[in-house]
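One structure is given below, encoded as structure tokens.
The values are calculated or read from the model by the stated rules, or taken from the named source; none is laboratory data. Treat the numbers as computed from the prediction; the structure is a model and nothing was measured. So basically every Cβ, Gly included, is an ideal-geometry build from the backbone, and we count neighbours across all protein chains shown.
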Amino acid sequence: MISKVKIIGSGLIGTSIGLALKSAKIKLEMVDLDPNSAKLANDLVGGVNLTEPEVVIVSAPISNNLELILESLKLYPEAIVIDIASVKSNLSLKVAELSANTQNFISSHPMAGREVSGTQSARADLFSGRAWIGIKSAKSSERSTKLLAEIVEICGATLYWVEEVDHDKLVAAISHLPQVLSTTLANLVGNLDGRSLNLSGQGLRDMLRLSSSNGQLWSQLMIANKSSLSSEIDKFLELLTKFNDAIKSENYKEIETSFNAGNLANEKIPGKHGLKIRKYSYLPIVIMDEPGQLAKIFNECAQINVNIEDLSIEHSPGQQTGLITLALNQNDAERLFIHLKSTGWNVHEVKVDK
């Protein structure tokens, strides 16, 4: 069992790892170039000074990642050094060329994050139920592989092994491209006036969630992964042009074909905890736009022991009411509908996924 971990980088990801490891009673030290971030992170995780850590986790910007890995391998020759950068660019090969201690290095990438950044945004459950990529390398020791697996398990994630050569192409498609699309769409609709944006529904909010991400961080990631990302953008533009041509030519069949393909692709995406995506029933509830309403609904759910899988909230412009829609399994949705109806809530008929 790991007992001492030093984390270099006290931002969202590094501090979230620290919080998760804290729950396992692991001694931690948080380090950061920003002394205020380091102090806050150490206060959050109960950080102590570690002179001989068993594991060093490098959670730093791409521009400093290699330098800090090499420095850590030199300063702590007995420690396993794990990086969590989201772009690899032959990282393992570079480490092997520049360090005599390469067997103690293993590369990884947790597939989790938030649209907000910084130490203050860290969450102990950030990685719960999420994927964590481990980079296959014949140069990494069995001990390094074992300790990475232990870290991932403590954080509540699931470890998947990927060849380094495939990593950057993969994240370009499933992580970096969605960020580009969200940011671009935000720039487009941002030209609308505030009154028009008041009319937007939950769909636009869902699409724009990623557009709140840190531009300084993402510019580094995208340029570091420019070859793979540019290729994915070209593929997307080709599909978008085809879609646009179908609309212009009033080609109903082509548009419907695109939607059908999208439906099938969406079904391939795993659902909660990495399981096959489930069909849910949706329960609409009209609530007063005032403090405590959401908490009261959660209490009602707890009373009859139903589990909320997801939810969305929409507000009508100028109205003192909001619409909350709960996603539940069919049995829970029907039970909750009856319960809320009997206790006076403005609840509407259950809608079932098709």
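Structure summary
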quantity: Test result for Ser219, surrounded by 12 or more Cβ atoms within 10 Å (Cβ to Cβ), of a type in the set (Gly, Ala, Ser) and either outside the structural domain of Ala85 (by TED's automatic domain parsing) or assigned to a helix (DSSP H, G or I) (or both); calculated: no
quantity: Residues satisfying the stated conditions in region 124-151, i.e. of a type outside the set (Ser, Thr, Tyr), in a loop (DSSP other than H, G, I, E, B) and surrounded by fewer than 21 Cβ atoms within 10 Å (Cβ to Cβ); calculated: Ala124, Asp125, Gly129, Arg130, Ala138, Lys139
quantity: Any hit, region 25-35, residues being of a type outside the set (A, V, I, L, M) and in contact with a Pro (Cβ under 9 Å, 6 or more places away or on another chain); calculated: yes
quantity: Residue in region 200-213 that is modelled with pLDDT under 95 and more than 22 Å from the chain's Cα centre (by Cα) present; calculated: yes
quantity: Odd one out for Leu98 among (1) buried (at least 16 other Cβ atoms within 10 Å of the Cβ); (2) under 18 Å from Ser141 (Cα atoms); calculated: (1)
quantity: Selection status of Ala85, surrounded by 15 or more Cβ atoms within 10 Å (Cβ to Cβ) and either more than 30 Å from Ala138 (Cβ to Cβ) or more than 22 Å from the chain's Cα centre (by Cα) (or both); calculated: no
quantity: Meets criteria (surrounded by fewer than 11 Cβ atoms within 10 Å (Cβ to Cβ), of a type in the set (D, E, K, R) and over 27 Å from the mean Cα position of the chain (by Cα)) for Lys242; calculated: no
quantity: Qualifying residues in region 107-123 (those that are in contact (Cβ under 8 Å) with a residue 60 or more places away in the chain and assigned to a strand (DSSP E or B)) - the one surrounded by the fewest Cβ atoms within 10 Å (Cβ to Cβ); calculated: Pro110
quantity: Residues (free of Cβ contacts under 8 Å to residues at least 12 places away in the same chain and among the hydroxyl-bearing types (Ser, Thr, Tyr)) located in region 45-100; calculated: Thr51
quantity: Some residue of region 222-244 being in a loop (DSSP other than H, G, I, E, B) and not hydroxyl-bearing (Ser, Thr, Tyr); calculated: yes
quantity: The lone exception for Val56 - which of (1) crowded, with 22+ Cβ neighbours inside 10 Å; (2) over 20 Å from Phe127 (Cα atoms); (3) of a type in the set (A, V, I, L, M, F, W, C) it fails; calculated: (2)
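Residues checked against (1) part of a loop (DSSP other than H, G, I, E, B); (2) within 25 Å of Ser196 (Cβ to Cβ); (3) charged (D, E, K, R); (4) at pLDDT 80 or above:
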{"site": "Asn266", "(1), (2), (3), (4)": "no, no, no, yes"}
{"site": "Lys279", "(1), (2), (3), (4)": "yes, no, yes, no"}
{"site": "Tyr282", "(1), (2), (3), (4)": "no, no, no, yes"}
{"site": "Ile297", "(1), (2), (3), (4)": "no, no, no, yes"}
{"site": "Asn305", "(1), (2), (3), (4)": "yes, no, no, yes"}
{"site": "Ser312", "(1), (2), (3), (4)": "no, yes, no, yes"}
{"site": "Gln319", "(1), (2), (3), (4)": "yes, yes, no, no"}
{"site": "Leu323", "(1), (2), (3), (4)": "no, yes, no, yes"}
